[in-house]
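Have a look at the structure below, then the notes.
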Amino acid sequence: CSGDGDTVTAAEYIPEKVKKAEKKLEENPYDLDAWSILIREAQNQPIDKARKTYERLVAQFPSSGRFWKLYIEAELFQRCLMKVLHIDLWKCYLSYVRETKGKLPSYKEKMAQAYDFALDKIGMEIMSYQIWVDYINFLKGVEAVGSYAENQRITAVRRVYQRGCVNPMINIEQLWRDYSKYEEGINVHLAKKMIEDRSRDYMNARRVAKEYETVMKGLDRNAPSVPPQNSPQEAQQVEMWKKYIQWEKSNPLRTEDQTLITKRVMFAYEQCLLVLGHHPDIWYEAAQYLEQSSKLLAEKGDMNNAKLFSDEAANIYERAIGTLLNKNMLLYFSFADYEESRMKHEKVHSIYNRLLAIEDINPTLVYIQYMKFARRAEGIKSGRTIFKKAREDARTRHHVYVTAALMEYYCSKDTPVAFKIFELGLKKYGDIPEYILAYIDYLSHLNEDNNTRVLFERVLTSGSLSPDKSGEIWARFLAFESNIGDLASILKVERRRFMAFKDEYEGKETALLVDRYKFMDLYPCSPSELKALGYKDVSRAKYASLMPEAVVTPSTPSLKDEADRKPEYPKPDTSQMIPFQPRHLAQIIAHLHLVQCFQSFFLTVLFFKTGWFILYKVFILVCLIVLNLPCVVAGDGRVESHFVVT
């Protein structure tokens, strides 16, 4: 008990100066010195704890712009600074620290910590030059008394210069020149060696800075993050962001420091997420990269950074589902699988339950993935527990029953239990063709011919299915009888099917005959004949309506015209053609002068004796006429042309 009491006392500890300030305010609520003490104390506290002080402050001084500014900056910086790595925001933060801590005795330490913190988070930014320079100027301006303090200041300035000169950014050349002058101003003799030692790394960083500037060109970095619009402009921006990330992954610095590579790549991802935060693929790829880096570092023996990156991967998922994509199932499932790979099963349960707690979602797929996890991680009994929970959820659809039944059949090899689950689902979803077809497929897989026929009869005669929903069941019934039944049973099913759709197929009996003979995508008639018959492929039409539009490979239409079935050949792009203009071919035509050389005595005799001489002359004459060139036939039979090459 005493231990708990000590903890509470420590948590509620109030400094003596704060107590005195509070007493002064009780006597005089407008005592500015007392308020200054409370403000300084609040600035060193988390915003959740400091908020009460700020609220009292603005309530007491509601028209004070200065106090409102302090409250707003403290509130907003703590809310967004670590989440939004934007260069302008961090510059604003440094100005805030400079203004609010300027009169404190510990101002120099606080400001140096703020600069170090900023450079650690935003120092890789291509536009971070000004922050580096401001930090260096701040350190140069720190008063140093005595040789020890002077050496400390020189070391601090040199450290920042050396960090900045190997960091790719715009104006890195100016920073290098300033560093060279700084070293020369301290000690001319040592400066040469110091500069030479850093020169190679600087040249490498300068090379990368130019590439960095090129790859960032065209990126709209100030665009607000909105859900995918699927516009050409957005697609172009996404491609450019991914190009930038891929460039960082290619290790342009050519360093062997895997930690540095990972930090630079993750900075690129963070910049991308400021604009594409609603794109789940960016979050997923960022988490995947951290996971891969963690494994790579673990193989190299760097267990500390390996664990750091592993935890950061989980944090990426947490940020995604906790903010912009709090209903994106893909990221929840990926997060759950990631934690499962780390053997954190309790965390996985919490992830699935967190998603299920969202009321305005369809939880069916969530329960399906949850059941699969429970079965593989904790056994079939755990999977059954999740199935029981799913049945009690009124939002759940029929897919859960199919999943549970097949899980029993494939995993526990318990056919009777699977059969009972399908029967249980049939009572609830007997009017849904997709569920009935899944049950039929299961029985067909077991070669339960009699039970399959009984199921067909139960479903088609129960009246639970409306005519517009029973078409696919009848088509499957006919296919079933065509595969295993005799001709009499096939004809019987065909007749019953026709009577069920008599109004629709009156006068189109032949169209129904197609289903007796078709197999998969093979039909007994050509597509044009099928159209003429008025044939409808019910099964294909149904599944085509359920499938989303293809992203990678477009789906093939079920029925093609005869023209579409012909093999496709490359065709010229006529839109790129230009009118034929002979003057553009003058250089080519000029080569026709070479024809004269072929009219040598040897060729003339050869052509004449072989009977090709006359044809040769006719060919030359036709060519000149087509090219619209003046020509004459000489007395000796030679064709002569006269034209000017322009």
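Please indicate, with yes or no, whether at least one residue in the range 457-473 is buried (at least 20 other Cβ atoms within 10 Å of the Cβ) and either touching a residue at least 60 places away in the same chain (Cβ under 8 Å) or among the basic types (Lys, Arg) (or both).
yes
If residue 225 satisfies all but one of (1) part of a loop (DSSP other than H, G, I, E, B); (2) modelled with pLDDT of 95 or more, what's the number of the condition it fails?
Unmet condition: (2).
Among residues belonging to the range 77-119 that are surrounded by 15 or more Cβ atoms within 10 Å (Cβ to Cβ) and more than 37 Å from the chain's Cα centre (by Cα), point out the one that is nearest to residue 142 (Cα to Cα).
Restricting to residues being surrounded by 15 or more Cβ atoms within 10 Å (Cβ to Cβ) and more than 37 Å from the chain's Cα centre (by Cα), the top hit is 108.
Go through the range 161-173 and report how many residues are surrounded by 20 or more Cβ atoms within 10 Å (Cβ to Cβ) and over 16 Å from residue 197 (Cβ atoms).
Qualifying residue count, the range 161-173: 4.
I want to confirm something. Restricting to the range 463-506 and keeping residues that are among the acidic types (Asp, Glu) and assigned to a helix (DSSP H, G or I), which single residue is farthest from residue 433 (Cα to Cα)?
Only one residue fits best here, namely 503.
Among the listed residues 393, 360, 414, identify the single one that is free of Cβ contacts under 8 Å to residues at least 40 places away in the same chain, acidic (Asp, Glu) and farther than 30 Å from residue 322 by Cβ.
414
Just to be sure before I move on: is residue 256 of a type in the set (Asp, Glu), within 30 Å of residue 302 (Cβ to Cβ) and either without any contact (Cβ under 8 Å) to a residue 12 or more places away in the chain or in a helix (DSSP H, G or I) (or both) in the structure I sent?
So residue 256 passes the test.
Is there a residue in the range 373-387 that is under 25 Å from the mean Cα position of the chain (by Cα) and on the phi < 0 side of the Ramachandran plot?
Checking the range 373-387: at least one residue is under 25 Å from the mean Cα position of the chain (by Cα) and on the phi < 0 side of the Ramachandran plot.
What residue, of 126, 122, 131, is surrounded by fewer than 20 Cβ atoms within 10 Å (Cβ to Cβ) and aliphatic (A, V, I, L, M)?
126
Would it be correct to say that residue 75 is assigned to a loop (DSSP other than H, G, I, E, B), of a type in the set (Asp, Glu) and under 24 Å from residue 319 (Cα atoms)?
When the stated conditions are applied, residue 75 does not pass them.
Need the failing condition index for residue 148 against (1) over 30 Å from residue 265 (Cα atoms); (2) modelled with pLDDT under 85; (3) not small (Gly, Ala, Ser), just the number.
(2)
The values are calculated or read from the model by the stated rules, or taken from the named source; none is laboratory data. From a predicted model like this one, the values you see are computed outputs, not experimental measurements. Every residue, glycine as well, gets a Cβ built from its backbone with ideal geometry; the counts of neighbours run over all protein chains shown.
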